[in-house]
Amino acid sequence: QVQLVESGGGLVQAGGSLTLSCTTSGLSFGEYAMGWFRQAPGKEREGVSYITSRGGAIYYVDSVKGRFTITRDNAKNTLYLQMNSLKPEDTAMYYCAAARWLYSSGSGMLARSFDYWGQGTQVTVSL
């Protein structure tokens, strides 16, 4: 029923840019906060960014501030992550997720807030 599908990942050199997209179906997109998580080999899943249902609040993890931009197009049921000035440490599988309600955390994004998840798209940043 509910489906989230990421696209746009790939291989890019350090300093380059990529735009990730997350297309959704089967949910009332405009009622959900949307987020991006990433997981690198040997590391825990990390919340990268979220945007509330109407775009009124946005969060970025410190390591991507000033480089990444999260946006959404509610008319297209689509979430985006524009990634600029990419670094090798950005290499990870990136996952799109949808949250009907966001729960607070002093450390950032709580994965348990997110009800639906995509399959992931790989981002690899080379030197």
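The values are calculated or read from the model by the stated rules, or taken from the named source; none is laboratory data. From a predicted model like this one, the values you see are computed outputs, not experimental measurements. Methodologically, a virtual Cβ is constructed for each residue, glycine included, from the backbone with ideal geometry; neighbour enumeration extends over all protein chains shown.
Only residues that are surrounded by 14 or more Cβ atoms within 10 Å (Cβ to Cβ) and either at pLDDT below 95 or within 18 Å of residue 79 (Cα to Cα) (or both): list them for the range 8-18, please.
8, 9, 18
Could you list, in sequence order, all residues of the range 52-95 that are more than 19 Å from residue 120 (Cβ to Cβ) and among the β-branched types (Val, Ile, Thr)?
52, 58, 69, 71
Restricting to the range 3-36, name every residue that is over 19 Å from residue 52 (Cβ atoms) and not polar (S, T, N, Q).
5, 6, 8, 9, 10, 11, 12, 14, 15, 16, 18, 26
Considering the range 48-86 alone, what residues qualify as being charged (D, E, K, R), more than 12 Å from the chain's Cα centre (by Cα) and surrounded by 14 or more Cβ atoms within 10 Å (Cβ to Cβ)?
Initial filter on the range 48-86 (charged (D, E, K, R)): 54, 62, 65, 67, 72-73, 76.
Cutting the leftovers down to more than 12 Å from the chain's Cα centre (by Cα) gives us 54, 62, 65, 67, 73, 76.
Passing the criteria: only 67.
How about the range 69-122: which of its residues are outside any helix (DSSP H, G or I) and among the charged types (D, E, K, R)?
Across the range 69-122, the qualifying residues are 72, 73, 76, 87, 100, 115.
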